[in-house]
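First the structure, in the form of structure tokens, and then the observations on it.
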Amino acid sequence: VTCKGTYTAQKDALLAANSNVVATMGDNVLTNEELQIYYWMQFYEFYENYSYYASSLGLDVSKGMDTQRSPFSFEEGGTGMTWQQYFLSCALESWRRNQGLYNMAVKNGFQMPAYYLEALENIEQSLLENAQDAGVSSALELLQNDMGPGATMESYKKYLQTYYLGYAFYAEEVSKIQIPKEDVESYFEENKDTLKEDGVTLEDTDYYVDVRHILIKPVGDTEDAKTFTDAQWEACRQQAQAILDQWLKEGGGEDGFA
């Protein structure tokens, strides 16, 4: 149920409901404790992508999420849901997707890549380092500041394990997909005018390319800066160069990039 007026609760009430099961999928269950992780991960992902436009979308992070209407509706022509309801809906969909992919990975005997296993093993140390940088006393305190008072290290690790295994399995399955050349040519012919405007041409090749990148952002004088000095751009370039140099020094392989 995502249409309740508000899900905001005081800390004691929240902790008392931590183990409550809020969703099921087959034998899999989602507790309120885990739901908090999914909820805040959806918020942070959204805000990272749309922080510049948040106010125009009606999102004020200084106010309660359950007190503001989002531009999204439960159904077409509806009056709109609150931001709390929106992020809750996204959280449930994220869990459904992550858990489904995880289940498929396990069923197919898929093994988690080594770099994800290493990330899981080092997660507490990484959080502790971030906590120290933020002036917070412990990794758990940092986690609960970000994910709610009911969050635990175990629930966060479970979230990451489910996501990492499912995502890695999905990426490998997608890499196996080979689109027949005749299908590419047919699509190009049907959309040639639009593609021509975008500068896309049909090349006679059977090669497929999987592209990944690391994006480095310049740091401005203010948090919401949109213009940067030559020195700030140069610092950004140097950071990118340092990452490239490190990757090349370690052999320049796919695992090192990941």
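The values are calculated or read from the model by the stated rules, or taken from the named source; none is laboratory data. The model shown is predicted, which means the values in this text are computed figures rather than measured ones. Neighbour counts are summed over all protein chains in view; Cβ atoms, including those assigned to glycine, are modelled from backbone coordinates with ideal geometry. In case anyone asks, the SASA skips ligands and DNA or RNA and just uses the protein heavy atoms, side chains included. Shrake-Rupley method; radii C 1.70, N 1.55, O 1.52, S 1.80 Å.
The table below lists the values:
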item	result
Hydrodynamic radius of segment 145-258 per Kirkwood, over alpha carbon pairs, in Å	19.5 Å
Förster radius 25 Å - calculated FRET efficiency between Ala240 and Tyr167, Cβ distance, rounded to 0.05	0.50
Within the accessible area of the chain (1.4 Å probe), percent carbon and sulfur	51 percent
Simple label model, 7 Å out from Cα along Cβ direction - Thr229 to Ala119, nm	3.5 nm
Segment 73-155 - charge dipole about Cα centre, Lys and Arg +1 at Cβ, Asp and Glu -1, debye rounded to 20	400 debye
Prolate/oblate/rounded label for segment 85-173 (Cα gyration tensor, a/c 1.5)	oblate
Test item: Cα-centred dipole of segment 1-152, Lys/Arg +1 and Asp/Glu -1 on Cβ, debye	500 debye
For segment 125-192 versus segment 10-55, the gap between their alpha-carbon centres in whole angstrom	15 Å
Loop-exposed chymotrypsin sites (Phe, Trp or Tyr not before Pro) per DSSP, neighbour cap 11 Cβ within 10 angstrom, longest uninterrupted part of the chain	1-206
Simple Cβ-charge dipole of the chain, Lys/Arg +1 and Asp/Glu -1, about Cα centre, in debye nearest 20	940 debye
Thr82 long-range amide H proximity, modeled H, under 5 Å	Ser70
Label selected from (1) 1.00; (2) 0.98; (3) 1.10, the criterion being Rg/Rh (Cα atoms, Kirkwood Rh) as computed here	(1)
Mean accessible surface per residue for the chain, computed with a 1.4 Å probe while every protein chain stays in place, in Å²	69 Å²
